[in-house]
Amino acid sequence: MKLQKILFSFDGRIGRRTYWLAIIALIAAVQVVTIGPFFLDSEMVAVMLIVTSQFIWLLSLWPILAVGSKRLHDRNKNGWWLLVFWLLPFALFCGGFSIVLFDDPRTGRSGDFVTGSVLIFASLPPALWGIVELGILPGTKGPNPYGADPAQPMA
């Protein structure tokens, strides 16, 4: 499968090796662009690169979702499962932190550490399940509704 199809198409299937190589390459590339500006001497250039890096993070979502979707197709699952594996943990984690850090000086209410911690820890099972499902478990053998088995050589 061509790199363009791996990174930008939601059709087909990819194996674990291709999934990990694509995800690690995408994360590494975005991290270099995100952290790189902090090593520059010029503040103006650094600020421009920081803003650019945030835009690049947004652009990287498409390939990350495409790669994850194809990996789920290899597991004979719909790509919408990514919502459970990525969006649900993110929402629980952010919600938990917002509850812990909530502070209203007008009413004197402060954050609820216990409730926030429960939500933060509740984000772990779906995230770990996603790692196992996407990166560890093997794909289905033979063709499935999403395409041919990527582990089988082309005839």
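Observations
- Cross-link partners of Lys2 among aspartates and glutamates, defined as those whose alpha carbon lies under 18 angstrom from its own and excluding same-chain residues fewer than eight positions apart: Asp11, Asp74, Asp149.
- For peptides 69-78, 5-14, 140-149, 38-47, sequence by mean Cβ density within 10 Å, most packed first: 69-78, 5-14, 140-149, 38-47
- For region 67-117, Kirkwood radius (reciprocal of mean inverse C-alpha pair distance, Å): 13.0
- 25 °C / 0.890 mPa s Stokes-Einstein diffusion coefficient of the chain, Kirkwood radius on C-alpha pairs, µm²/s: 136
- The chain: angle of helix 16-35 to the longest principal axis, Cα-based, in degrees nearest 10: 30
- A crude spin-label estimate for the pair Asn76 and Ile56, with each label 7 Å from Cα along the Cβ direction, gives 4.0 nm.
- Placing unit charges on the Cβ atoms only, positive for Lys and Arg and negative for Asp and Glu, gives the chain a dipole magnitude near 720 debye about its Cα centre.
- Its relative contact order, with pairs defined as Cα atoms under 8 Å and 6+ residues apart, puts the chain at 29 percent.
- Within straight-line cross-link reach of Lys141, lysines at Cα separation under 20 Å, skipping those fewer than 8 residues along the same chain: Lys70, Lys77
- Extending 7 Å from Cα along the Cβ direction at Phe121 and again at Cys94 yields two label points whose distance is 2.4 nm.
- With respect to the chain, whose longest principal axis is taken over its alpha-carbon atoms, helix 43-74 is tilted by about 40°.
- Cα long-axis angle, helix 88-101 against the chain (0 to 90 degrees, to the nearest 10): 10
- Note on region 1-74: the C-alpha convex hull projects to 4.9 nm² when averaged across all orientations.
Read the figures in this text as sums done on the coordinates, not as results from a lab. Computed from a predicted model, the values in this text were never measured in an experiment. Cβ sites come from the backbone with ideal geometry, for glycine too, and all protein chains shown count toward neighbours.
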